[in-house]
């Protein structure tokens, strides 16, 4: 009986560790894409539809629409650096990250939420607001 409980615990912890590692990989990729101003790489992490807030524009967009909007933002605001300042887990068990994006036109607060989906963690909400 002890062996069965130990086996279940090991399997559970292994699955949890894998989930955390996968979420960390997505976080790093998203942060790198934002810092590089690469809307294509960033868009690869988007869910099929996502809630996008860009300064004073807010709506739900398809993955492709959001990528075009972000591309336009990056072309008008060349990123210099991006740093995640805070992270956590919401009541809905989504991971969230709050960071600071420095661009040639000013600083922005960036918040994104990752939701677990069949094909990994995807951005379900992205907010870029004036700092």
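Where a number appears in this text, it was derived from the coordinates with a stated rule and is not lab data. Just so you know, these numbers come straight off a predicted model, no measurement behind them. Backbone-built Cβ (ideal geometry, glycine too); neighbour counts: all protein chains shown.
For segment 65-131, what does the alpha-carbon gyration tensor say about shape, rounded, prolate or oblate, given a ≥ b ≥ c as the root eigenvalues, a/c under 1.5 as rounded, and a/b over b/c as prolate? Judged from the Cα gyration tensor, segment 65-131 comes out oblate (a/c at least 1.5, b/c at or above a/b).
Using r as the Cβ-Cβ distance of residue 58 and residue 98, and R0 as 22 Å, what FRET efficiency do you calculate, to the nearest 0.05? E between residue 58 and residue 98, to the nearest 0.05, is 0.80.
For segment 13-131, what does the alpha-carbon gyration tensor say about shape, rounded, prolate or oblate, given a ≥ b ≥ c as the root eigenvalues, a/c under 1.5 as rounded, and a/b over b/c as prolate? The shape class here is prolate. By the count of neighbouring beta-carbon atoms within 10 Å, fewest first, 27, 116, 93 end up ordered 93, 116, 27.
Relative to the current alpha-carbon distance between residue 87 and residue 25, full extension at 0.36 nm per residue lengthens the span by 20.9 nm.
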